[in-house]
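Below is one structure, written out as structure tokens, with a few remarks after it.
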Amino acid sequence: MRKKILALVVASIAALSLAACDAVPDSGPVREGLSNLEQAERGVFLNPQGPARDADQESIVRGFVRAASAPINDYDTAREFLAPTYADQWDPSLGAVVTEGTQQYSSPGEGLSMLSMRVVATVDGGGTMRPAAPDESGEVQFELAKVGGQWRIVSAPNGVIIDRSTFSMVWTTRQLYFISPDQRLVSDVRWVLSQPSMRPTQIMRGLISGPSELMTGAVTTAFPEGTTLTGRDVPIVDGTAVIDCSAELLDANEATIAALTRQISKSLQGLPGVMRFQIAVHGEVVGGGDVAISEDQPSGEYQGIAVMKEGVFGLAVGGTLNPIHGISERVVGLAPVAATIAPDLASVAVLHSGGVNLVTEDQSIVIDERSGLLAPSIDALGYIWTYSTSEPDEISVSALNAHRVDLPESWLAGRSVKALRVSMGGNRIAALVSDQAGGSMVLVAGIVRDGEGTPIGFTEKASVQLWDTGAPIDIDWIGDSRFVLLSETGLLGGSAKVTIGEVSGRFPTDSGSISGGVSISGGGSSRALLRVLDDQHRMFAPQGSGWQQLMKDVDLIAKVG
């Protein structure tokens, strides 16, 4: 097992017992609850105890990491375990290490303590999560000294370490929005503390500091470099978030103010009690507006499932197929191996024995004739993406009636690529590759475009967004930030496991398995539209925690986007 010294503090929950029943009232009137539980505030916080008198070093260390899971009053209880001269130096805002299982304590020397743990994820100071490798472990060292006859911590890594189950209670995800070169708002998932009063401040700090490393180069923030919040928090006054910034904002022109206003309006949407915002510089108002209204349904959600069955290509409605005028016959005539349909149903990218064609109502155009091509993608801006295993150092992009452009990339060098997919919004690209142990890795990079929206490259780095011990089979996107992986379960019988992941977002979700699964379609932007095809030509759809057969004799299921 690999070990690495982590630069963050780990908040252990293994020894923490929650007295949940104490919070349930046993008297008073019955009140109606929320009809939509997703609207409930996730302000669930622990109430750990401070250090006991004459506690030994192990008790101090374990007490500290337990208390560090509770952010109330700027981690006041956790700071009680620190020496007075160090209490203000420890910075819990610099990220988190998420652990699972029991943390092992050891003392390598006088005044030294060590905790060893299994790591499942890390969150950096900007709120970006990265999953840990399946065998990743970590060790964290603390230095202690006697203060007034009591052991106290005089050195510890910044940040917090927290048990996975408690992390999901204390932290939550938010979509922050940044500006692309062609002036689109692009979301970037961040983890923030669930405490309602802290969210506006964390959101604004995230917007000011800029996009995550994964999206650096693909999007940017409109806030001028060097801008900071002048106060410790962003107060909410009569429904208005008051955002007071440093003087750098005084030099911003109207276009910059308009751009950052768009960012703020979209990023603050859905916060309870926040309806407006005001941007000020040392109290002088320079801008503001209304918070964007949350959308109950993702815009542009694709509602059809395109399949090929018994020589007919069309939209599956119930148990029948509805051919697409001008397109279906051309698709069938190519004898497709795989197909991707555009969200507007106006075109289909078809992989066949001779390469990839783009089929529209009026024509069928050759896009790529190379050998070793994988299933193509079509993004929301209409670009067609192809990848050939015979030329693994570049990813190709084409527009209708335009020459193919080969974009170099370095992060796939030396890797065996099973599938390559572009997100529906056209902002990210995911590669499904095999790891050294025969398992699966999902690598994601940002797509860089010019001011016209034309793809010109990728972000410098790609990050692993999901690890799985099963061998890779297929992958597809669900919208612009979630994806679905199909991998071998490793069990007898050839079952394929379905796992839903999110870029820097929620932990992967196991969505069951299908015996003999060979391909998967994300279906657009909803889990309900997922479809899996098995080796017996049967198509399955999710039903509860399992899968239901919808259709048989299906030759292929088209991916979307």
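The values are calculated or read from the model by the stated rules, or taken from the named source; none is laboratory data. All values derive from a computational prediction rather than experimental measurement. Using ideal geometry, Cβ is built from the backbone for each residue, glycine included, and neighbour counts are taken over all protein chains shown. To get the accessible areas, we keep the full protein, side chains included, count just its heavy atoms, and leave off ligands, DNA and RNA. Shrake-Rupley method; radii C 1.70, N 1.55, O 1.52, S 1.80 Å.
Between SER197 and ASN158, how many nm apart are label points set 7 Å from Cα along the C-beta direction?
So the two model labels end up 2.4 nm from each other.
Find the Rg to Rh ratio for segment 319-452, where Rh is the Kirkwood radius over alpha-carbon pairs and Rg uses the same atoms. Don't jump to the answer; show the numbers that get you there.
Numbers: Rg = 15.2 Å, Rh = 15.5 Å.
My calculation puts Rg/Rh at 0.98.
Kindly sort MET169, MET424 by accessible area of their heavy atoms, largest first, with the probe set to 1.4 Å.
Working: MET169 60, MET424 25 Å².
Ranked list, largest accessible area first: MET169, MET424.
Any idea what the relative contact order of segment 148-293 is, in percent, if you count C-alpha pairs under 8 Å spaced at least 6 apart?
Over segment 148-293, the number comes to 20 percent.
Roughly how many Å² of ASP56 are accessible to a 1.4 Å probe, to the nearest 10?
80
Report the calculated FRET efficiency for VAL337 and LEU400 (r = Cβ-Cβ distance, R0 = 25 Å), to the nearest 0.05.
0.70
In segment 152-248, which trypsin sites (Lys or Arg not before Pro) fall in coil by DSSP and have 15 or fewer other Cβ atoms within 10 Å?
Qualifying residues, ordered by number: ARG232.
Which value in Å does the Kirkwood hydrodynamic radius of the chain take, with 1/r averaged over all unlike C-alpha pairs and then inverted?
Working: mean 1/r = 0.0388 Å⁻¹.
After inverting the pairwise mean of 1/r, the radius is 25.8 Å.
Note down the accessible area of SER294, probe 1.4 Å, to the nearest 10 Å².
60
Taking the Cα centre of the chain as the origin and placing charges on Cβ (Lys, Arg +1; Asp, Glu -1), which of LEU144, PRO235, GLY283 is farthest toward the positive end of the dipole?
It is LEU144.
From the alpha carbon gyration tensor of segment 219-361, can you work out the equivalent ellipsoid semi-axes (sqrt of 5 times each eigenvalue) and give them in Å, largest to smallest?
Working from the Cα gyration tensor, I get semi-axes of 51, 18, 11 Å.
Wrap a convex hull around the Cα atoms of segment 85-176, take a quarter of its surface area, and give that in square nanometres. Provide the component values of the computation, followed by the final result.
Values: hull surface 29.2 nm².
Quarter of the Cα hull surface area: 7.3 nm².
What part of the accessible area of segment 488-561, given as a whole %, is carbon or sulfur when the probe is 1.4 angstrom?
Roughly 46 percent of what the probe reaches on segment 488-561 is carbon or sulfur.
Quick one: length gained pulling THR360 to SER410 fully straight, 0.36 nm per residue minus the C-alpha distance?
Working it through step by step, the gained length comes to 14.7 nm.
May I ask you to rank GLU136, GLU391, GLU460 by accessible area, largest first, using a 1.4 Å probe over the protein chains only?
If we order GLU136, GLU391, GLU460 from most to least accessible, we get GLU460, GLU391, GLU136.
Per 0.36 nm of contour for each residue apart, how much would the distance between ILE293 and ALA528 grow if the chain were fully extended, relative to their Cα-Cα spacing?
82.2 nm
Using a 1.4 Å probe on the protein chains only, how many percent of the accessible area of segment 346-445 belongs to carbon and sulfur?
Looking at segment 346-445 in its full context, I get 47 percent from C and S.
For segment 113-161, give the magnitude of the charge dipole about the Cα centre (Cβ charges: +1 Lys/Arg, -1 Asp/Glu; no others), in debye to the nearest 20.
In debye, rounded to 20, segment 113-161 gives about 240.
How large is the dipole of the chain about the Cα centre if only Lys and Arg carry +1 and Asp and Glu carry -1, each at its Cβ, rounded to the nearest 20 debye? Intermediate values should be presented prior to the final figure.
On the way: 41 positive and 64 negative charges, 172 e Å.
With Lys and Arg at +1 and Asp and Glu at -1, about 820 debye.
Once the dipole of the chain is set up with Lys and Arg at +1 and Asp and Glu at -1 on Cβ about the Cα centre, which of GLY453, THR256, LEU432 lies farthest towards its positive end?
The residue sitting farthest along the positive end of the dipole is LEU432.
I'd like to know which of ALA247, ALA399, MET551 lies farthest towards the positive end of the charge dipole of the chain, counting +1 on Cβ of Lys and Arg and -1 on Cβ of Asp and Glu.
Looking along the dipole axis, the top candidate is MET551.
What distance in nm separates the two pseudo spin-label positions at GLU100 and ASN47, each 7 Å out from Cα along the beta-carbon direction?
Those two pseudo-labels are separated by 3.1 nm.
Using only DSSP helix segments of four residues or longer, with each worth -39500 (n - 2.57), what per-residue ellipticity at 222 nm results for the chain after dividing by its residue count and rounding to 500?
-2500 deg cm²/dmol
Measure off, as a whole percent, the carbon and sulfur share of the 1.4 Å-probe accessible area of segment 44-141, all protein chains present.
44
Taking the Cα centre of segment 460-529 as origin and charging only Cβ (+1 Lys, Arg; -1 Asp, Glu), how large is the dipole, in debye to the nearest 20?
Here segment 460-529 has a charge dipole of around 140 debye.
Can you work out the accessible area per residue across segment 231-358, with the rest of the protein chains kept in place, probe 1.4 Å, in square angstrom?
48
Any chance you could look up the accessible area of ASP233 with a 1.4 Å probe, heavy atoms only, rounded to 10 Å²?
Number for this one is 90 Å².
With each pseudo-label sitting 7 Å past Cα toward Cβ, what's the GLU58-ASP344 distance in nm, one decimal?
Between GLU58 and ASP344, the label points sit 6.6 nm apart.
How high is the relative contact order of segment 376-521, given as a whole-number percent (alpha carbon pairs under 8 Å, six or more residues apart)? Please list the in-between numbers first.
Working: 352 pairs, mean separation 22.3, N = 146.
Contact order relative to length: 15 percent.
Along each of its three principal axes, how wide is the spread of alpha-carbon positions in segment 231-280, in whole angstrom units, largest first?
Extents along the principal axes: 31, 22, 14 Å.
If the chain between GLN543 and ASP135 were fully stretched, how many nm would it gain, using 0.36 nm times the residue separation less the Cα-Cα distance?
Here the answer is 143.6 nm.
Identify the residues of segment 493-521 with backbone N under 16 Å of a label point that sits 7 angstrom from the Cα of GLU213 along the Cα-to-Cβ direction, or state none.
What the label zone holds, given the 16 Å backbone N cut-off, is 504-505.
Over the chain, what is the relative contact order in percent, taking alpha-carbon pairs closer than 8 angstrom and at least six residues apart?
After rounding, I find 10 percent.
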